[in-house]
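Worksheet for the structure shown next.
The values are calculated or read from the model by the stated rules, or taken from the named source; none is laboratory data. Here the structure is a predicted model, which is why all the values come from computation and not from measurement. Cβ: placed from backbone, ideal geometry, glycine included. Neighbour counts: every protein chain shown. Heads up: the accessible areas ignore ligands, DNA and RNA and are worked out on the full protein's heavy atoms, side chains in. Shrake-Rupley method; radii C 1.70, N 1.55, O 1.52, S 1.80 Å.
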Amino acid sequence: MGYENLLVDDRDGARWITVNRPAKLNALNAAVLAELGDAVRAAATTDAVKAVVITGAGEKAFVAGADIAEFVGLSAADAQAFSRRGQQLFDAIAVLPKPVVAAVNGFALGGGCELAMACHLRVATSNAKFGQPEVKLGLIPGYGGTQRLPRLVGRARALELLLTGKNIDAATALQWGLVNRVVDPAELVATVQALVAEVLAVSPAAVARCLEAVRDGLDLPLARALELEASLFGGCFATADMREGVAAFLEKRAAHFTGR
Ligand code: COA
C-alpha cells in the first residue's frame, strides 16, 4: 500500500486512512481521490479490516475541500464528470458494510465536510470547523453536500450553511447533530479507538444490516422502509452471529461473533 497522498495503518481491526497533504490542508486533488478510492476498495475487500477511520494529517485540517486549483479551465461537462467521480467515491464509503468513522481534526470544508458526512459516524476536535463554502466560489457542493447535509441536520440548517457558505464550529455541529462527539484534540485518537472498539464488540453481521437499513430506509416511504427492516431482520436469522448471540445470552456467557 504505497500511497503518495495517504497514510494507511491498521490498529486493532480498524484501518486508519489519513489524507496526507497538510501543506494544502489536505485538499482533495485528483491524485488523492484516486488513492482514496483504491484504499476504500482495499478496506472493503480485506477481511482483517473490520472498521475504517478517515482523518487528515496535521493539526489544522481534516480536509479543506476539493482542490480549487483543479477547477480552472474545466468545461461544464468536465465539471459534471468531476462531480460524479467524487460522488461515486463518497458513495463507496457510505455503502461500506463496515463501520466508517470520520476523525475530524480541524477544517472540514466543502469536499471535507462532504467526506465526513459520507462516513457513518463523526468525532470532531473542539477546533474543528464545518461548512460548505462553495457559493463563495460561485459553485454548489458537488460531492453530495446538497443531499447529505439536509439529511443529517434538516433542511433549514442545511440551507443556512449552503446559502451563506459560512462555517460552524464543533459545538454547533454537535448541537445540530452533524457530529456524534466533540473532544479535545489530544483525545481524538483514543476517543475514536474506543468508539470503534464498542462497535467491533457486537455482531458485524448485525452492524452491516443496521447500516443498510438506515442508509437505504431513510430514503424510502415509511411503509417500504419497514419492509426493508423486516427483510433485514429476517436475514439475521440465517446468520451464525444471530445464533451465537442468542445462545450466548441464554447460556450467560460472552458471545464470540464471526460476522457470518
Ligand atoms: N484547494 C486548494 N488549496 C487549498 C485549499 C483548497 N480547498 N484549501 C487550502 N488550500 C491551500 C492554500 O491555498 C494554501 O496553499 P499555499 O500555502 O500554497 O498558498 C494552504 O492550503 C494553506 O491554506 P491557507 O489558506 O494559507 O490557510 P488559512 O489558515 O489562512 O485558511 C482556510 C484556512 C481553510 C480558511 C482556507 O484555506 C480556505 O478557505 N480554503 C478553501 C476552503 C474552500 O473553499 N473549500 C471548498 C472548495 S470547493
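Restricting the search to segment 40-73, which residues are away from the ligand (no atom under 12 Å from the Cβ), assigned to a loop (DSSP other than H, G, I, E, B) and either closer than 19 Å to V196 by Cβ or open to solvent by 20 Å² or more (accessible area, probe 1.4 Å) (or both)? First the steps, then the outcome.
At the first step, the residues of segment 40-73 found to be away from the ligand (no atom under 12 Å from the Cβ) are 40-55, 57, 73.
Checking which are assigned to a loop (DSSP other than H, G, I, E, B) leaves us with 46-50, 57, 73.
Selection gives T46, D47, A48, V49, K50, G73.
Restricting to segment 88-111, and then to whatever is farther than 25 Å from D169 by Cα and open to solvent by 30 Å² or more (accessible area, probe 1.4 Å), can you tell me which residue is farthest from the ligand (Cβ to nearest atom)?
That would be P97.
Yes or no, residue by residue, for (1) under 12 Å from the mean Cα position of the chain (by Cα); (2) within 13 Å of the ligand (Cβ to nearest atom):
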{"position": "C113", "(1), (2)": "yes, yes"}
{"position": "E134", "(1), (2)": "no, yes"}
{"position": "R148", "(1), (2)": "yes, no"}
{"position": "A158", "(1), (2)": "no, no"}
{"position": "L162", "(1), (2)": "no, yes"}
{"position": "K166", "(1), (2)": "no, yes"}
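Between V214, V207, which is open to solvent by less than 60 Å² (accessible area, probe 1.4 Å) and assigned to a helix (DSSP H, G or I)? Break it down into steps so the answer makes sense when it comes.
Working: V214 fails: open to solvent by less than 60 Å² (accessible area, probe 1.4 Å).
After applying the criteria, what remains is V207.
Would it be correct to say that V123 is surrounded by fewer than 18 Cβ atoms within 10 Å (Cβ to Cβ), closer than 27 Å to V52 by Cα, in contact (Cβ under 8 Å) with a residue 12 or more places away in the chain and under 18 Å from the mean Cα position of the chain (by Cα)?
no
From the set of residues in segment 137-146 that are open to solvent by 60 Å² or more (accessible area, probe 1.4 Å) and more than 9 Å from the ligand (Cβ to nearest atom), which is nearest to L218 (Cα to Cα)? I'd like the intermediate steps shown before the answer.
Initial filter on segment 137-146 (open to solvent by 60 Å² or more (accessible area, probe 1.4 Å)): 137-140.
Add one more test, that the residue is more than 9 Å from the ligand (Cβ to nearest atom), and what stays is 138, 140.
Details: G138: 31, I140: 24 Å.
Checked segment 137-146; the qualifying residue nearest to L218 (Cα to Cα) is I140.
What pairs come up if the first residue lies in segment 91-113 and is touching a residue at least 40 places away in the same chain (Cβ under 8 Å), the second is more than 16 Å from the ligand (Cβ to nearest atom) and of a type in the set (D, E), and their beta carbons are under 8 Å apart, counting only those six or more places apart or on different chains?
Cβ pairs passing all conditions: P97/E212.
Counting just the residues of segment 11-32 that are among the polar types (S, T, N, Q) and away from the ligand (no atom under 13 Å from the Cβ), which one comes out nearest to the chain's Cα centre (by Cα)?
Let us first name the residues in segment 11-32 that are among the polar types (S, T, N, Q), namely 18, 20, 26, 29.
When the remaining residues are screened for being away from the ligand (no atom under 13 Å from the Cβ), the result is 18, 20.
Numbers: T18: 13, N20: 17 Å.
That would be T18.
Only one of these is open to solvent by 50 Å² or more (accessible area, probe 1.4 Å) and either near the ligand (Cβ under 10 Å from one of its atoms) or at pLDDT 95 or above (or both): E4, E35. Name it.
Matching residue, one of E4, E35: E4.
Say we look at segment 135-165 and pick out the residues that are in contact (Cβ under 8 Å) with a residue 60 or more places away in the chain and in a helix (DSSP H, G or I); which of these is farthest from K60 (Cα to Cα)?
The extreme case among them is R151.
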